[in-house]
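Following: one structure in structure tokens, then a few remarks.
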Amino acid sequence: MHICKNSNKFDLLSVFLTVLFSIFFIIVPIIPDIQITRPKLLAIELLIFLSVATIIFIFIINATICFRKTKVYVPISFMLGYIILHYYFAYDHAISFTELKRWILCFLVFFIISLINSKYYKILLLSWIFGSGLAVLYGYSQHYGRVWIFEVPKMDRVMSMFGNPIFFAVHIVNYLPILISLILFYFDKNIYRKNKLSNIMKIFGLLFIFIISLLTLYYTKTRASFIGFTISICVLIYLTIRSRKKFVYLISILIVFVIFIFYTKDIWSRQQAHFLIWLDTIKMWLSKPIYGIGIGKFHLEFINFASDNLRSIWPQKQFIINDAHNEYVQLLAETGVVGFLLFCSIFIIFFYEVFKCKNRINDITISENEVKFRDKNLGIKNFLSTEFFKKKYLVYGLVSAIIGVLVQNFFSVDMRFIISGVYIFASMGLVIGEICELKELELNFFKKRFIKVLLIFFTIFILGIVSVDVSQKRIIFLSYASVSKKGINFSIEDIGNGVLQHILRPYVAKYKLDKQQDFFDEKILDKEKTLQELLELKKKFPDKGIIYEKIAWIYAKEKQFDLAIENYFLAIKLNPQSFAAYNNLGNIMFLTGQRQNAIKAYSRSIEINPQQVDARLNLGIVYYYEGQLDLASQQFGKVLELDPKNEKAIIMLKRMRE
């Protein structure tokens with residue numbers, strides 16, 4: 001293992017990743033985030049998938065892997081391993097999968113973005129500011145209901161393209177310190193005096209974006225973000241300003257913040273029962289303090305610990321409490337003390353590495369010559385003086401942003417939102433990529449051509465780039481283009497179990513579900529004639545239960561529910577083992593608001609035939625609307641055991657979490 005001396009070996013990879021993450025930072029903030037379909041999340045997953053595939057192929061071809069020399073990998077790897085164990089031992093993998101995916105994506109983003117050569121950071125940061133700036137401008141316009149001559153949805157609490165004002169606010173908190181650090185960089189006398197006119201124009205442009213962003217953050221009316229942003233700015237000032245004036249600035253900011261709280265009392269006095277939720281979450285944690293209740297299970301288990309006071313504020317059948325409104329308390333409840341300590345160790349070691357670097361930087365005498373460290377073996381780069389200032393403001397801006405998000409998560413669970421989690425780990429990856437050396441590890445065994453070909457072939461199938469449909473004798477490329485004896489066909493397919501298929505499965509399920517015709521939209525061609533024929537058959541064969549089932553089905557299609565129920569009861573009386581009749585009777589009971597009767601009918605249907613899918617799916621839906629999420633989850637999980645690609649079960653599980 002050695003420091004990368006041949007930088008050209010992975011420079012092409014660095015360029016490619018720069019392009020991908022520039023696209024990432026530009027498009028992710030401006031893609032709409034819609035519940036269930038989640039196009040914003042899909043864009044993130046596909047870009048990370050493309051990055052991972054590229055890295056793996058380049059590592060195989062070069063028979064060399066590269067990574068940053070940082071101890072942060074240790075706690076992140078242990079945390080990811082712990083989450084995988086939680087997932088493996090979970091009785092309901094469908095519920096735990098979202099949390100598993102979140103941690104995998106965060107780990108991958110941290111690793112991938114840290115590989116990028118810091119000389120390309122300018123492109124990444126400009127892309128970040130541009131993409132987030134567009135999202136901020138749109139969010140700002142939502143407060144007024146228009147953009148120039150174009151009308152936009154007017155909102156009391158703006159959310160831009162994030163689907164929720166809280167998630168939009170945390171994005172701004174993660175973005176603003178980076179913007180401010182760039183402004184401070186241009187104000188630095190060593191930079192400012194080199195090109196005054198150009199820098200003045202840049203400063204005014206950045207200040208304009210900053211003011212709009214600050215106003216937009218206010219329009220989100222998210223209290224946790226106000227606190228997180230204030231702390232992040234205090235940290236940034238403390239780190240970047242060397243003179244004693246920084247204490248004057250810090251005191252001024254705190255005074256302004258107190259005045260701001262006074263004049264926005266209506267926002268701060270909003271009742272959301274967070275304290276009650278925290279107390280009940282602590283009770284949940286105490287039930288399983290070491291390893292927790294299981295990842296992703298908070299919204300299922302919380303109802304069992306909710307106090308009467310909380311239930312009176314948020315009735316079970318009207319509201320679902322999905323989160324603890326405190327990332328750390330919820331993490332403690334779901335993963336126990338073990339998971340909580342692993343999570344904390346990630347950031348403790350990260351900040352230790354950053355401030356270890358800070359101590360060395362503070363010993364440097366700034367000059368026009370190359371800046372040199374007293375100890376060249378520290379594993380931290382040398383830089384030119386102008387580059388030093390860039391690195392200083394860049395690193396401290398990112399660190400301040402990370403601290404701001406962490407503070408905000410004391411009052412919300414923004415990191416549960418995969419996009420927010422990915423952004424904070426992207427920020428950490430950029431910092432590590434700036435302060436730590438890139439290392440190479442040669443894999444001599446992989447230098448053999450046969451091994452390389454075998455690995456590439458294996459990787460193609462594991463990633464799901466190519467999948468095989470044995471039943472129809474065809475090969476599918478990228479889950480879209482299928483090749484068989486009949487030729488090439490282009491359609492969205494969910495064939496195989498590669499990484500790509502797991503990414504696309506929820507979206508394919510929603511796509512196929514939307515194409516399905518509703519029960520009441522599908523009309524009978526000749527209803528009167530069909531019904532008359534069945535009534536005639538009923539006279540001839542009055543003891544045939546199947547005839548009554550078909551008559552009831554027609555009445556149900558026409559929304560004549562009383563007649564449908566009457567005939568289903570007759571069918572059940574003649575054939576008590578008809579699980580289909582019980583299931584269909586349950587459907588009508590549900591549609592007519594008789595949910596408890598629907599539960600009885602579905603349960604009886606399942607007793608008769610435990611292997612059927614429809615009644616379990618319907619029973620899960622009733623439990624969902626009754627607020628009994630744990631019971632709903634059990635039924636949807638069983639459905640996916642019987643039918644792993646069941647679209648409705650996949651979508652309902654997503655809806656429960658969102």
Original post:
Within the set LYS392/LYS439; LYS297/LYS510; LYS40/LYS510; LYS122/LYS391; LYS510/LYS645; LYS246/LYS392, which residue pairs have Cα atoms separated by over 21 Å?
Top reply: LYS392/LYS439; LYS297/LYS510
**OP:** Could you give the size of the charge dipole of the chain about its Cα centre, using +1 on the Cβ of each K and R and -1 on the Cβ of each D and E, expressed in debye and rounded to the nearest 20?
**Re:** 2040 debye
Subject >> Cα-based Rg and Dmax for segment 236-345, where Dmax is the largest Cα-Cα distance (Å) >> reply: 19.2, 58
Original post:
Which of the trypsin sites (Lys or Arg not before Pro) found in segment 271-357 are in a DSSP loop and have at most 12 neighbouring Cβ atoms, other than their own, within 10 Å?
Top reply: LYS317
Subject >> Of the GluC sites (Glu not before Pro) in segment 536-573, those whose Cβ has at most 15 other Cβ within 10 Å and which sit in DSSP loop >> reply: GLU558
Original post:
Going highest first, how would you order 499-510, 248-259 by mean Cβ packing within 10 Å?
Top reply: 499-510, 248-259
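Over 30 Å between C-alpha atoms is what I'm after, so list which of LYS101/LYS512; LYS221/LYS648; LYS557/LYS648 land there.
Beyond 30 Å: LYS221/LYS648.
Return the carbon/sulfur percentage of the accessible area of the chain, one whole number, probe 1.4 Å, all protein chains in place.
63 percent
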Subject >> Contour excess over end-to-end distance, with Cα ends at LYS512 and ASN609 and 0.36 nm allotted per residue >> reply: 32.2 nm
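How would you rank 158-165, 240-247, highest first, on the average number of other Cβ atoms within 10 Å across their residues?
158-165, 240-247
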Subject >> Coil-residue chymotrypsin sites (Phe, Trp or Tyr not before Pro) of segment 59-94, DSSP, other Cβ within 10 Å capped at 15 >> reply: TYR91
**OP:** Counting only C-alpha contacts under 8 Å and six or more residues apart, can you give the relative contact order of the chain as a whole percent?
**Re:** 17 percent
Original post:
Over the chain, with a single point scatterer placed on each C-alpha, what log10 of the ratio I(q)/I(0) does the Debye formula yield at q = 0.12 1/Å?
Top reply: -1.39
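The values are calculated or read from the model by the stated rules, or taken from the named source; none is laboratory data. Bear in mind the structure is a predicted one, so any value in this text is a computation, not a measurement. Quick reminder, even Gly has a Cβ in these numbers, built from the backbone with ideal geometry, and neighbours come from all protein chains shown. Protein only, heavy atoms only, side chains kept; ligands, DNA and RNA dropped before computing areas. Shrake-Rupley method; radii C 1.70, N 1.55, O 1.52, S 1.80 Å.
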